[in-house]
Amino acid sequence: MSNLFVVAYNDLATANQVRDKVLSMTREHLVELEDIVVVERRESDGKIKLHQAVNHTATGAAGGALWGGVIGMLFLVPFLGAAVGAAAGAAGGAVTDTGINDGFMKELGQNLRPGAAAVFALVKQAARDKVVPELVVFGGQLVQTSLSTEEEEALREMAQAAQRKAQQQAPQEERVQDSAQGAGA
């Protein structure tokens, strides 16, 4: 069973960095995702914009063009088949909604302040002990999860512990840098 995590950030740039970090962790097999979406509440007009990781319309069009071209070749009209297939695939892809429900994301996105963004991640599996410390450096506020109350509290405690550890290491790294610079002078 997958778990949903919604984390709000002060700006779109940070949310995009988090999404990119999570996607890189999937390539390292630390996270197995079902879906990840950045939801932005635009500052200019307050509208909600979904930044999907997978563009179903484009994927459908490409697949439709391929199969339409193959079928068109059977009837000696490959270009017509590709065009019809691309149109049908794009239409099918546009109405396909896999992963996190778009309506749910838009509804929750209304709670963001203008200019803010949130990352919605539907996670199948994750190595929490490795993933959480990598993500707490971005800050953010855990808005919602599908975890049980006990699991959610344990996750919050893990995140707080990782933040404390990062804060303790920062002054030590500064002292090391300062002494290295002093030795070079």
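Bear in mind these aren't lab numbers, they're just calculated from the coordinates by the rules spelled out. Bear in mind the structure is a predicted one, so any value in this text is a computation, not a measurement. FYI the Cβ positions are ideal-geometry reconstructions off the backbone, even for glycines, and counts take in every protein chain you see.
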- [ ] Excluding residues on the same chain fewer than 8 positions from residue 130, give the lysines whose Cα lies under 25 Å from its Cα.
- [x] 21, 165
TODO: With r as the distance between the Cβ atoms of residue 152 and residue 45 and R0 = 30 Å, compute the FRET efficiency 1/(1 + (r/R0)^6) and round to 0.05.
DONE: 0.35
TODO: Work out how much length residue 134 to residue 110 would gain on full extension: take 0.36 nm times their residue separation and subtract the Cα-Cα distance, in nm to one decimal.
DONE: 5.9 nm
- [ ] For the stretch 37-43, just list the computed ³J(HN,Hα) in residue order, Karplus coefficients 6.51, -1.76 and 1.60, θ = phi - 60°, integers in Hz, with x standing in for Gly and Pro.
- [x] 9, 9, 10, 10, 9, 5, 6
- [ ] Take residue 165, project a point 7 Å from its Cα along the Cβ direction, then tell me which residues of the stretch 110-152 have their backbone nitrogen under 19 Å from it.
- [x] 126-140, 152
